[in-house]
1. What are the residues in segment 141-151 that are touching a helix residue (DSSP H, G or I) at 6+ places or on another chain (Cβ under 8 Å) and either surrounded by fewer than 19 Cβ atoms within 10 Å (Cβ to Cβ) or over 15 Å from Asn86 (Cα atoms) (or both), if any?
2. What is the number of the single condition among (1) charged (D, E, K, R); (2) surrounded by fewer than 16 Cβ atoms within 10 Å (Cβ to Cβ); (3) modelled with pLDDT of 90 or more that Glu194 does not meet?
3. Being buried (at least 16 other Cβ atoms within 10 Å of the Cβ), more than 19 Å from the chain's Cα centre (by Cα) and modelled with pLDDT of 90 or more is true for just one of Ala76, Ala37, Ala81. Which residue is that?
4. So which residues in segment 144-165 are modelled with pLDDT of 95 or more, of a type outside the set (Val, Ile, Thr) and either within 30 Å of Tyr28 (Cα to Cα) or touching a Ser or Thr at 6+ places or on another chain (Cβ under 7 Å) (or both), if there are any at all?
5. Quickly run through segment 94-126 and pick out the residues that are under 23 Å from Met140 (Cα atoms) and within 11 Å of the chain's Cα centre (by Cα).
6. Spot the failing condition for Ala127; the list is (1) in contact with a helix residue (DSSP H, G or I) (Cβ under 8 Å, 6 or more places away or on another chain); (2) among the small types (Gly, Ala, Ser); (3) assigned to a helix (DSSP H, G or I), and only one is missed.
7. Which of the following residues is closer than 20 Å to Val180 by Cβ, crowded, with 16+ Cβ neighbours inside 10 Å and either touching an Asp or Glu at 6+ places or on another chain (Cβ under 6 Å) or in the same structural domain as Thr177 (by TED's automatic domain parsing) (or both): Ala104, Ala128, Ala111, Ala97?
8. Restricting to segment 91-112, count the residues that are touching a Phe, Trp or Tyr at 6+ places or on another chain (Cβ under 9 Å) and either in a helix (DSSP H, G or I) or within 18 Å of Gly159 (Cβ to Cβ) (or both).
Amino acid sequence: MARRQSQGETTRRRILDVAAREFAKRGYGNVTIEEIATAAAVTKGAVYYWFTDKDDLGRDLQHELYERMATTARGALDPHADTITNLRLGFDAYLSALTSVGEARFFLRDAWTIPALDDAGRRDHDAAIDDLTGTLTDGMASGDVITCDAEALARILLGMFAEATLHVLRTGHRDETEQVVDLVLSSLAPDPAETTLSRTADAR
């Protein structure tokens, strides 16, 4: 039984990898299930065993790619670093992970514009907002981040990260983009002078 499951997962993996390649090469709308099956050297029935239709396959691929890169970003965080430093580390690792997904990065670039994939992408986005809101709330409590509406800030930052990622995918200008992101993140740190004055006032 375990062997059959392993072989099945291998087939599923091949289908996803081939689909990512075909979507990147020809565009999502121009690829059919039949063509994916042929390119993956499997029957059309094998594709339909794992996926209801092309959109179902696309949603799985999109979610898997997002999870792979998000896991890489989380793994780059330093438990001893301040919140803003970790935001920088996470974003840098996320961009680095784009190079490890090969042709699939072009699918990620286009997935945002495909209505059939929007719901799945929105669920991943909402989960990311929850995670980042928690991180920012903790950062505000520890004094690493200026005090403001944590959820609003999380949404704004994720919007920035998404646009910055798309910009890098489209232009290849990674260093310049990271410099701009760094400037924005630096602005979230409390002013040391104001922090000192606040503590002095509290002591009185």
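1. Taking segment 141-151 as the starting set, the residues that turn out to be touching a helix residue (DSSP H, G or I) at 6+ places or on another chain (Cβ under 8 Å) are 142-148, 150-151.
Hits for segment 141-151 are Ser142, Gly143, Ile146, Thr147, Cys148, Ala150, Glu151.
2. Just one mismatch for Glu194, condition (3).
3. Numbers: Ala76 fails: more than 19 Å from the chain's Cα centre (by Cα); Ala81 fails: buried (at least 16 other Cβ atoms within 10 Å of the Cβ).
Just a single option satisfies the conditions, and that option is Ala37.
4. Asp144, Ala150, Glu151, Ala154, Arg155, Leu157 - these are the residues of segment 144-165 that are modelled with pLDDT of 95 or more, of a type outside the set (Val, Ile, Thr) and either within 30 Å of Tyr28 (Cα to Cα) or touching a Ser or Thr at 6+ places or on another chain (Cβ under 7 Å) (or both).
5. Let us first name the residues in segment 94-126 that are under 23 Å from Met140 (Cα atoms), namely 125-126.
Correct list: His125 only.
6. (1)
7. On the way: Ala104 fails: closer than 20 Å to Val180 by Cβ; Ala128 fails: closer than 20 Å to Val180 by Cβ; Ala111 fails: closer than 20 Å to Val180 by Cβ.
When all the criteria are applied, what remains is Ala97.
8. 9
The values are calculated or read from the model by the stated rules, or taken from the named source; none is laboratory data. On a predicted model such as this, the values are computed, not experimentally measured, just so you know. Heads up, the Cβs are rebuilt from the backbone with ideal geometry, glycines too, and the neighbour counts pull from every protein chain shown.
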